[in-house]
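The values are calculated or read from the model by the stated rules, or taken from the named source; none is laboratory data. All values reported here derive from a predicted model rather than from experimental measurement. All Cβ positions, glycine included, derive from the backbone under ideal geometry; neighbour counts span all protein chains shown. Accessible surface areas use protein heavy atoms only, side chains included; no ligands, DNA or RNA. Shrake-Rupley method; radii C 1.70, N 1.55, O 1.52, S 1.80 Å.
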Amino acid sequence: IQNLNKHHVVKDLVLINDLTVEEVTSIKNRYQSMNIHFVAGDFTNEETLNKASITNASTVIIIPNGSSAEIATHDEKTIFATLTIKSLSSSVRVVAYLIQRENLTHIRRANVDEVVLSDDFGAYMIASHVMDPGIPQTTKGLFITD
């Protein structure tokens, strides 16, 4: 983390996925104010996570790859990634995006710290977990009852 001034903090963001170089460049160009790094590979793979210095991360946000047609595999991969990340560093805060509510029990067994369920507010909630972590907890307390 770098302090720009007493009011702004810039966080490093590491993307782990199989995007093309062009797609990564497009993301970096869109968000030039952020320190975005890229590690190519599978986010459930221990070697790939180590390349991304997962043990130095403060927060990991797991968002499923939308390219697969099989929705059930999205949540399975998210659960598996959570298990792998927590086994590498139990102190890393993991926020996971789930598509199916019935997978809540499984992701909680993987020791996830926060869960965002797929809905109209999903993207906002995911971003808030990084930019202002108090917002998702407050919103969850107001609107969601498990």
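Structure data summary
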| item | result |
| --- | --- |
| Peptides 48-54, 98-104 ordered by average Cβ neighbours within 10 Å, highest first | 48-54, 98-104 |
| Point-to-point label distance, Ser58-Phe80, nm (Cα→Cβ direction, 7 Å offset) | 3.1 nm |
| Ranked order, Phe80, Phe43, Phe38 - accessible area, probe 1.4 Å, largest first | Phe80, Phe38, Phe43 |
| Interchain or long-range residues, amide H under 5 Å from Leu15's placed H | His37, Phe38, Val39 |
| Added length on full extension, which subtracts the Cα-Cα distance from 0.36 nm per residue, His37 to Glu102 | 20.1 nm |
| Rounded FRET efficiency, nearest 0.05, which uses the C-beta distance separating Leu88 from Val21 and R0 of 25 Å | 0.40 |
